[in-house]
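Read the figures in this text as sums done on the coordinates, not as results from a lab. Note that this is a predicted model, so its numbers are computed, not measured. All Cβ positions, even for glycine, are placed from backbone atoms using ideal geometry, and neighbour counts span all protein chains on display.
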Amino acid sequence: MKSKKIKHLFRVIFSAVTAFLMFFPILTVIMGGFKEKGQIFSDPFGIPRPPTIETFVEILGSASSYWVLLFNSIFITGATISIVIIFGMLAGVGLSRIKVPGQQLVYNYFLLGLLFPLTVAILPLFLQLRSLGLIGSRFGVILIEAAFNLPLSIFILTGFFKNIPNELQDACYIDGGTIFIFFRKILIPLSTPVISTVTIIVFVASWNQFMLPLLVLSDTKLYTIPLGVMQYQGQYASGWNQIMAFITLSMLPIAIFYFILQKYVVEGLTSGAIKG
Amino acid sequence: MISYTKEGAKKNALVFILFIAPAFILFTLFVVTPVFQGAYYSLFNWKGAGPLDKEKFLGLDNFIKLFHDKYFLTAISNNIKIVIYSLCFQLPVAFIFALLIGRKSFTGSILFRSLYFFPYVLTEIIGGVIWKFIYNPQFGLLTQFSKFFTDAKNEIALLGNPDTAFGAIFLVIFWKYIGFHMILYIAGLQGVPRELEDAAVIDGANGMQVIWNVILPSMRNVITISVFLSVIGSFNVFDIVWAMGQGGPVHSTETLVTYLYNFGYKRFAFGYGSAVAIVIFFVCLVFNLLYQKFIVGDKDK
């Protein structure tokens, strides 16, 4: 009994220490934003004394690019998710609920995409966007991000739709419905869990995407958060308290998203991996 | 599946096309086509403009040039190092963490788990910049430690030194992705049959034997996936390296993708850059095929 208690205690202490170590870099940044310029150099890892919110106020004020970055990131991620969900669901239904020859072939064709990381295609994509006049446009980023998120999403959605009993579809047809009505009235309402999984996967991928917007967007007014952070830390190279505050604000959206929905996020991202 | 419409196969096919078309077009245009275009470009000396004519055709010269370039060889060996370090350090540590904290829940265990996982969700660029601060030579953590414990006043510049920069960056990769693998293993541990473990203990197996003979074999699926993702991910590392030094100092932390960016895109050498992309693709493809054949396929026996 006694050894069990010691084991338990060890487990708790071990977890707490490692969790602290894992979170320490993030804690450093958050505290750094609240420090005055002098303290960030003299005591970079300590508690802010006295804490100041001045730097945050400055960044949230009109002179800074923060709101522009936030808007761009929300716009690009939102549009990417919408396209992936709509196109992915349509394709998923086509691949699972309509009986046609060659269906499996089309499905395998989409799965081929799981083998192509974005990095492999980036140079031809750049040229392609240039010829389409989409360099320097958010839509260029959105279309490509959506395209690269389709394979895994189609895989997950098709798998989910395949498991919906045929009886439901038969019942719908007997009542005079078509595949469109079945899709709208039955499949969509049943799909909430799988839609949220796909949304989470695409959200994280698109929100954090750096290389693609780096190549496509040159106007800083169109920059997303990752590009903005990179630019800001170059600009304020010595003002680490400013960089820290900027980073803290920049990770706020994904941190809120994560800590509110953490159960779904962890499940969504790992199940996406396991199924993929 | 039974046929649902009386109107017959023709109408079915039409509806099918209607449903598939948007995704099919987007996917073909932006995912499949560029990969083939890249393969084609890689045979030319091309700046991304003008016709691809015979004069610019090089055959496989770009690839030969690649493997004679010292920075390319640095890049590919860095990628291989990331693979080896990840498999030898990151994944085993993730597994030990999962064993220690993933089996029983206790007060705070959910919070701890979400703290471990958070770096994985965090934007790579942000993670990289944070660690640049921690490694700062003037006031960074190591400099502070060395000033505290020794009389030495010298600054420790891990990222500025070609000998240490890569190791420092690997530590960030370790930090960024370990939580993901740990959560995978925790999920895998739920599938280990408790009775088997108990039976092994009754038969006198010690802790290591239980882990080796009972737990690891039952987690085979999850470990297979985790290794696969780790290897493929290692060959596509870009953001963190970019945030911490853009492949420098003196190209010592170059990876295949930063090399592609620095030597292909930046110099408008689209043929040469595409050859790098094809190498990345080829490495991932070969690994994938071998892995499917020998590791994934093997488990059916």
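Using +1 at the C-beta of Lys and Arg and -1 at the C-beta of Asp and Glu, which of B:Phe67, B:Gly38, B:Pro249 has the Cα lying farthest in the positive direction of the dipole of the protein assembly as shown?
B:Gly38
With N set to the number of residues, divide the alpha-carbon radius of gyration of region A:158-276 by 2.2 N^0.38 Å and report two decimals. Can you show the working numbers first?
Working: Rg = 21.1 Å, N = 119, 2.2 N^0.38 = 13.5 Å.
Relative to the rule-of-thumb radius for its length, region A:158-276 sits at 1.56.
Dividing the alpha-carbon radius of gyration of region A:96-223 by 2.2 N^0.38 Å (N being the number of residues), what value is obtained?
Values: Rg = 18.4 Å, N = 128, 2.2 N^0.38 = 13.9 Å.
In units of the 2.2 N^0.38 Å rule of thumb, it is 1.32.
Give, rounded to the nearest 20 debye, the magnitude of the charge dipole that chain A has about its Cα centre when Lys and Arg contribute +1 at Cβ and Asp and Glu contribute -1 at Cβ. Intermediate results must be reported in sequence, preceding the final value.
Values: 18 positive and 10 negative charges, 178 e Å.
Around 860 debye, computed over chain A.
Quote the relative contact order of chain B in percent (integer), defining contacts as alpha-carbon pairs under 8 Å separated by 6+ residues.
Details: 305 pairs, mean separation 87.8, N = 301.
This gives 29 percent for chain B.
Within chain A, which complete DSSP H helices have Cα atoms spanning at least 30 Å along the helix axis and a mean Kyte-Doolittle hydropathy of -1.0 or higher? Write out the running numbers ahead of the final one.
On the way: long enough: A:2-33 (45 Å, 1.08); A:66-97 (45 Å, 1.66); A:138-162 (34 Å, 1.43).
Answer set is A:2-33, A:66-97, A:138-162.
Using unit Cβ charges (K, R positive; D, E negative) and no other charged atoms, how large, in debye to the nearest 20, is the dipole of region B:61-300 about its Cα centre?
Around 360 debye, computed over region B:61-300.
May I ask you to sort A:Thr52, A:Thr270 by Cβ crowding, counting other Cβ atoms within 10 Å and putting the fewest first?
Details: A:Thr52 17, A:Thr270 22.
Fewest-to-most Cβ neighbours within 10 Å comes out as A:Thr52, A:Thr270.
If you project the alpha carbons of region B:64-124 onto the principal axes, what extent comes out on each, in Å, largest first?
That works out to 58, 25, 11 Å along the principal axes.
Which value, in nm² and rounded to one decimal, describes the direction-averaged projected area of the C-alpha convex hull of region B:152-301? Mind dumping the intermediate values first?
Numbers: hull surface 54.3 nm².
Average projection, Cα convex hull of region B:152-301: 13.6 nm².
Taking only C-alpha pairs under 8 Å that are 6+ residues apart, what is the relative contact order of region A:2-52 in percent? It would help to have the intermediate numbers written out before the result.
On the way: 25 pairs, mean separation 14.5, N = 51.
Here the relative contact order equals 28 percent.
Considering the alpha-carbon set of chain B alone, what are its Rg and its Dmax in angstrom?
Rg then Dmax for chain B, in Å: 24.7, 88.
Using alpha-carbon positions, what is the distance between the centroids of region A:61-85 and region A:41-57, in Å?
Spelled out, the Cα-based centre of one part sits 29 Å from the other.
Which of A:Leu217, A:Leu157, A:Leu187 moves the most in a Gaussian network model of chain A with Cα springs under 10 Å?
Fluctuation is largest for A:Leu187.
So what's Rg/Rh here for region A:2-52, counting alpha carbon atoms and using the Kirkwood radius for Rh? Each step should come with its number before you reach the end.
On the way: Rg = 16.3 Å, Rh = 12.7 Å.
Across region A:2-52, the Cα-based Rg/Rh ratio is 1.28.
Based on alpha-carbon positions alone, could you give the equivalent ellipsoid semi-axes of the protein assembly as shown from the gyration tensor, as √(5λ), descending, whole Å?
On the way: eigenvalues 303, 220, 131 Å².
Each semi-axis is √(5λ); the values are 39, 33, 26 Å.
Tell me which of A:Ile164, A:Met230, A:Pro124 sits at the most positive position along the dipole axis of chain A, charges placed on C-beta atoms (Lys, Arg +1; Asp, Glu -1).
Farthest along the dipole direction, towards plus: A:Ile164.
Which value, in debye to the nearest 20, gives the size of the charge dipole of region B:1-149 about its Cα centre, when Lys and Arg are +1 and Asp and Glu are -1 at the Cβ?
On the way: 14 positive and 6 negative charges, 81 e Å.
So the dipole magnitude of region B:1-149 works out to roughly 400 debye.
Could you check how many percent of all C-alpha pairs in region B:55-202 are farther apart than 28 Å?
On the way: 4866 of 10878 pairs.
Cα-Cα pairs in region B:55-202 separated by more than 28 Å: 45 percent.
Dipole of region A:2-52 (Lys/Arg Cβ +1, Asp/Glu Cβ -1, origin at the Cα centre): which of A:Met31, A:Ile47, A:Ala16 lies farthest to the positive side?
A:Ala16
In whole Å, what three semi-axes, largest first, describe the equivalent ellipsoid of region A:21-132 built from its Cα gyration tensor (square root of 5 times each eigenvalue)? Don't jump to the answer; show the numbers that get you there.
Numbers: eigenvalues 454, 66, 51 Å².
For region A:21-132, the ellipsoid semi-axes come out as 48, 18, 16 Å.
To check my understanding: the extent here is largest minus smallest coordinate of the Cα atoms along each principal axis. What are those three numbers for chain A, in Å, largest first?
74, 70, 34
Mind sorting B:Phe89, B:Phe170, B:Phe27 by how few other Cβ atoms lie within 10 Å of their own Cβ, fewest first? Working shown, then result.
Working: B:Phe89 14, B:Phe170 21, B:Phe27 24.
Going from sparsest to densest Cβ surroundings: B:Phe89, B:Phe170, B:Phe27.
Enumerate the amide H contacts of B:Phe44 below 5 Å, restricted to partners 5 or more residues apart or on another chain; note that Pro and chain-start residues carry no placed amide H.
B:Leu58
Post the alpha-carbon centroid distance, region B:241-301 to region A:117-187, in whole angstrom.
27
Each residue of region B:185-202 in turn: what ³J(HN,Hα) in whole Hz from Karplus with 6.51, -1.76, 1.60 and θ = phi - 60°, glycine and Pro shown as x?
Each residue of region B:185-202 in turn: 5, 4, 4, x, 5, 4, x, 7, x, 4, 5, 4, 4, 4, 4, 5, 5, 4 Hz.
How large is the convex hull of the C-alpha atoms of region B:110-182 per residue, in Å³?
Details: hull volume 7.9 nm³, N = 73.
Once divided by residue count, the hull of region B:110-182 is 108 Å³.
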